[in-house]
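Beneath this line is the structure, given in C-alpha cells, with notes to follow.
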Amino acid sequence: MAVDAVNSATNPYASGNGTAAKTDASSASLNYDNFIQLLIAQMKNQDPTDPMDASEQVAQLATFSQVEQSVKMNSNLQSMIQANSFSQASDLVGKYVTSADDKISGKVKEVEVYSDGLVAITEAGDKVLVQPGIIISSTAPTDTDTDTGSDTDKVTDA
C-alpha cells in the first residue's frame, strides 16, 4: 500500500480556522466501504496457489482502523486548540499587560488571534505579543511598585 510522504515542516493548523485539518482529514481518509472494496479486489486478484493469510487481512483492518482514529483525533485536537486560544483571548480583555521588554503597557481593549499566537491591543492602540515574559495584571502597573502581589502573573510559557 502506497503512503504519501509527511512533511514535518508544514503546520496543518497554521490557518487558524480549522479548514486545513478538515481538508487533510478528507483527503487522507478512506471510509470503511472503500477499504472493504480494496480488500475484496485484493482477494479476487490474489494468486490461488498462494492465498493471502487471514492474519494479514486482520492486520490490515486493524491498521486501517488506527489511521482512521488518528485522523479523527487530530481533528478533535485542532478544535480544542482553537477553543483554548479563544479562551485565552477573552481572559485578557480588561486586564493590564506589560510587554516583555517593559516598553509597552496598558489596559487590553481587544485581542487579535493568529495561527501562531495572540496579540493584545491596548486602549492606546499599542500591540503586545502574548509571549513568555509579558506581565498580565488585574490592576494598573505603577512605576514604583516592586511588590509582586498575587494579582500579577508573569507569563513564562506561551
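Per-structure values
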{"read-out": "Qualifying position, being modelled with pLDDT under 85 and closer than 30 Å to residue 129 by Cα, among 13, 96", "value": "13"}
{"read-out": "Candidate set: the stretch 121-130, residues that are without any contact (Cβ under 8 Å) to a residue 24 or more places away in the chain and in a strand (DSSP E or B); chosen: the one surrounded by the most Cβ atoms within 10 Å (Cβ to Cβ)", "value": "121"}
{"read-out": "Where a residue in the stretch 77-106 is closer than 15 Å to residue 122 by Cβ and its partner, wherever it lies, is surrounded by fewer than 12 Cβ atoms within 10 Å (Cβ to Cβ) and hydrophobic (A, V, I, L, M, F, W, C), with Cβ under 8 Å and at least six apart", "value": "96/140; 106/124"}
{"read-out": "Filtered residues of the stretch 48-59 (kept if free of Cβ contacts under 8 Å to residues at least 12 places away in the same chain and either outside any loop (DSSP other than H, G, I, E, B) or over 30 Å from residue 37 (Cβ atoms) (or both))", "value": "54, 55, 56, 58, 59"}
{"read-out": "Residue match in the stretch 145-158 (condition: among the small types (Gly, Ala, Ser), out of contact with any Cys (no Cβ under 7 Å at 6 or more places or on another chain) and at pLDDT 85 or above)", "value": "no"}
{"read-out": "Test: residue in the stretch 35-56 that is loosely packed, with under 10 Cβ neighbours inside 10 Å and of a type in the set (Lys, Arg)", "value": "yes"}
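Okay, residues lined up against (1) at pLDDT 90 or above; (2) not assigned by TED's automatic domain parsing to the domain that holds residue 135:
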| position | (1), (2) |
| --- | --- |
| 62 | no, yes |
| 68 | no, yes |
| 73 | yes, yes |
| 76 | yes, yes |
| 81 | no, yes |
| 87 | no, yes |
| 101 | yes, no |
| 106 | yes, no |
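Every residue, every condition in (1) assigned to a strand (DSSP E or B); (2) of a type in the set (Asp, Glu); (3) in contact with a Phe, Trp or Tyr (Cβ under 9 Å, 6 or more places away or on another chain), yes or no:
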{"residue": "61", "(1), (2), (3)": "no, no, yes"}
{"residue": "73", "(1), (2), (3)": "no, no, no"}
{"residue": "76", "(1), (2), (3)": "no, no, no"}
{"residue": "82", "(1), (2), (3)": "no, no, yes"}
{"residue": "101", "(1), (2), (3)": "no, yes, no"}
{"residue": "109", "(1), (2), (3)": "yes, no, no"}
{"residue": "119", "(1), (2), (3)": "yes, no, no"}
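The values are calculated or read from the model by the stated rules, or taken from the named source; none is laboratory data. The model shown is predicted, which means the values in this text are computed figures rather than measured ones. Neighbour counts run over all protein chains shown; Cβ positions are idealised from the backbone, glycine included.
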